[in-house]
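Here is the structure we will look at, set down as structure tokens.
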Amino acid sequence: MSSSTTPRVRAPQPARPAAVPVSRRTAAVLVVAGVAGLLMLLWPLLLDAPAGERVDPPFVFLVLLPVVVAVVLAEVSEGGLDPRVLAVLGVLSAVVAVVRGVSPGTGGVELVFFLIILAGRVFGPGFGFVLGCTSLFASALLTAGVGPWLPFQMICSAWVGMGAGLLPRRVTGRGELVLLAVYAAVAAYVYGLLMNLSSWPFLTGVYVPG
């Protein structure tokens, strides 16, 4: 008698949930923060000033920092961030601040986004957004890098962390590694483009407000 063997079919693995879930309130705050950050980068195009008049960037710290605090409070109020996750946020912010000092983009390699992208992937877009802001702020204090460029660095790095958390969570295994590698390469170039956009009116010398 000949016996036939039935091939085993692997059951599809369920999507891996985010360690820090994003509620509707948090999603709304993230959208507001994203729009505010985009306005930060495009504010020269929205300004109508007389020719020859000196134009200084707005005090974006007054807008950016309350938005970051609002994101944290929104997640805490929804039970998304417990004390342990807050502790992880503090530790990762400190680690990124130290790593940034020892890897200042030499040879085009920057280790800052390594932890931000991985944390955003594991803990979700809300955590990635907050970590991008707090880690760049902490590193600026550590390296005396506080200046008019800091708010732009904070919001752009926050987008990098949030984007990592928004990647499809059903992708696992080697596919996930490829996905993160591709995202990291694309996000690095987008970050550079956005930072150039933040300073182009002052570097070109031919900018006319409005």
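The values are calculated or read from the model by the stated rules, or taken from the named source; none is laboratory data. Note that the coordinates shown come from a computational prediction; the quantities given were computed from them, not determined experimentally. Counting neighbours? That spans all protein chains shown, and the Cβs are built from the backbone with ideal geometry, glycine included.
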Lone unmet requirement of (1) over 19 Å from Gly192 (Cβ atoms); (2) loosely packed, with under 15 Cβ neighbours inside 10 Å; (3) at pLDDT below 85; (4) among the β-branched types (Val, Ile, Thr) for Val72: (2)
If you scan segment 90-120, which residues turn out to be modelled with pLDDT under 85 and within 23 Å of Tyr183 (Cβ to Cβ)? Val99, Arg100, Ser103, Pro104, Gly105, Thr106, Gly107, Gly108, Val109, Glu110, Leu111, Val112
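What are the residues in segment 156-183 that are of a type in the set (A, V, I, L, M, F, W, C) and surrounded by fewer than 13 Cβ atoms within 10 Å (Cβ to Cβ), if any?
Keep residues of segment 156-183 that are of a type in the set (A, V, I, L, M, F, W, C), which gives 156, 158-160, 162, 164, 166-167, 171, 177-182.
Leu177, Val178, Ala181, Val182 - these are the residues of segment 156-183 that are of a type in the set (A, V, I, L, M, F, W, C) and surrounded by fewer than 13 Cβ atoms within 10 Å (Cβ to Cβ).
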Residues of segment 129-147 satisfying the condition of being without any contact (Cβ under 8 Å) to a residue 12 or more places away in the chain and aliphatic (A, V, I, L, M): Ala144, Val146
Has segment 120-128 got any residue that is surrounded by 18 or more Cβ atoms within 10 Å (Cβ to Cβ), out of contact with any Lys or Arg (no Cβ under 9 Å at 6 or more places or on another chain) and without any contact (Cβ under 8 Å) to a residue 60 or more places away in the chain? yes
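Results for (1) over 27 Å from Arg24 (Cβ atoms); (2) not in a helix (DSSP H, G or I), shown as yes or no for each residue.
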| position | (1), (2) |
| --- | --- |
| Ile117 | no, no |
| Phe127 | no, no |
| Leu131 | no, no |
| Pro148 | yes, yes |
| Met154 | no, no |
| Val160 | no, no |
| Gly163 | no, no |
| Val178 | yes, no |
